[in-house]
1. Which residues, counting only those in region 43-59, are in a helix (DSSP H, G or I) and either in contact with a helix residue (DSSP H, G or I) (Cβ under 7 Å, 6 or more places away or on another chain) or open to solvent by less than 50 Å² (accessible area, probe 1.4 Å) (or both)?
2. All but one of (1) touching a helix residue (DSSP H, G or I) at 6+ places or on another chain (Cβ under 6 Å); (2) open to solvent by less than 50 Å² (accessible area, probe 1.4 Å) hold for Met18; which doesn't?
3. Among what's in region 63-85 and is open to solvent by less than 40 Å² (accessible area, probe 1.4 Å) and at pLDDT 90 or above, pick the residue that is farthest from Leu35 (Cα to Cα).
4. Check off (1) part of a helix (DSSP H, G or I); (2) over 12 Å from the mean Cα position of the chain (by Cα) for Gly40 and give me the number that stays unchecked.
Amino acid sequence: MRRLQRNIAVVGWMAFLMAIAAEGIFFSMTEPVLLAQAMGIEAPDVLGIYTIGFFSFWGSFTLCGMLAVRLTQGLSQARGLRQPA
């Protein structure tokens, strides 16, 4: 159980840091108001668009990280390798 909690904490923190970087890069190249208007929103709230973008990036990076952890644990268990505590 302790290993699971540590993996969740590490993946969540790394995904958080990557979401900050991804949002900065993405929104420095695109204008959030133009994205909202392209989706048909007349008077977009820019802060709301940034928030949705951040949580979307954070969620996708967390999913990718947890999938990677799960797959690598399954691989080491299949090979019979001992995992550190």
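1. Going residue by residue through region 43-59, those that are in a helix (DSSP H, G or I) are 46-59.
Across region 43-59, the qualifying residues are Val46, Gly48, Ile49, Tyr50, Gly53, Phe54, Phe57, Trp58, Gly59.
2. So the condition that Met18 fails would be (2).
3. Kept after step one, since they are open to solvent by less than 40 Å² (accessible area, probe 1.4 Å), are these residues of region 63-85: 65, 69, 74, 76.
Narrowing further to those that are at pLDDT 90 or above: 65, 69.
Values: Gly65: 28, Val69: 34 Å.
The extreme case among them is Val69.
4. (1)
The values are calculated or read from the model by the stated rules, or taken from the named source; none is laboratory data. What you see is a predicted model; the values in this text were computed from it and never measured. Quick reminder, even Gly has a Cβ in these numbers, built from the backbone with ideal geometry, and neighbours come from all protein chains shown. Remember, those area values only see protein heavy atoms, side chains included, never the ligands or the DNA or RNA. Shrake-Rupley method; radii C 1.70, N 1.55, O 1.52, S 1.80 Å.
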